[in-house]
Amino acid sequence: MDLLQDPKGDRQVNTIPTPPHRPLCEELLFIDEKPNWKLLREHLFKEGRISKGQIMRIVEMCNYHLKNEGNVIYVDDPLTLVGDIHGQYYDLMKVLEMGGDPEQGKYV
């Protein structure tokens, strides 16, 4: 990924890498019609961007699954129960860091 340059050398915290210059392309973001969540997590963590169309596609996928789920689900333990993170991306990253890989565990 192309990183933004700092031509003036005036970056306040120069120990933090510059954000990606371009949004993720469709071919990288979606694999077999599913979002590549690991790449997306890494990209957003670096303050990268995705397009409005990509956001809408992910939201539509989520809506589809949420509408087709029952209002009560039964899950076996062990699992990680997550409360409302109020849209805070870095809080979500901390939850995933503490709770483990979503592919290996269960999250509610």
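The values are calculated or read from the model by the stated rules, or taken from the named source; none is laboratory data. None of the values given here were measured: they were computed from a predicted structure. No Cβ is skipped: glycine too gets one built from the backbone with ideal geometry, and neighbour counts run over all protein chains shown. Just so you know, the surface numbers come from the protein's heavy atoms only, side chains and all, with ligands and any DNA or RNA stripped out. Shrake-Rupley method; radii C 1.70, N 1.55, O 1.52, S 1.80 Å.
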Under 24 Å between C-alpha atoms, the lysine pairs in the chain lying 8 or more places apart or on different chains count 14
Longest principal axis of the chain (C-alpha) makes with the long axis of helix 52-68 (C-alpha) an angle, in degrees to the nearest 10, of 10 degrees
Relative to the first principal axis of the alpha-carbon coordinates of the chain, what is the inclination of helix 89-99, with its axis defined by its Cα atoms, in degrees from 0 to 90 and to the nearest 10? 60 degrees
Alpha-carbon Rg with Dmax, taken over the stretch 29-88, Å: 14.2, 37
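With +1 on the Cβ of every Lys and Arg and -1 on the Cβ of every Asp and Glu, and nothing else charged, how large is the dipole of the chain about its Cα centre, in debye rounded to the nearest 20?
For the chain, the charge dipole is close to 380 debye.
What ranking, highest mean first, results for peptides 19-31, 66-78, 96-108 when packing means the other Cβ atoms within 10 Å averaged over each residue?
Working: 19-31: 14.2, 66-78: 6.7, 96-108: 11.4.
Answer by packing, highest mean first, reads 19-31, 96-108, 66-78.
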Using a 1.4 Å probe over the heavy atoms of the protein chains, calculate the carbon and sulfur portion of the accessible area of the chain as a whole percent. 55 percent
From the coordinates shown, Rg/Rh (Cα atoms, Kirkwood Rh) corresponds to which of (i) 0.99; (ii) 1.03; (iii) 0.94: (ii)
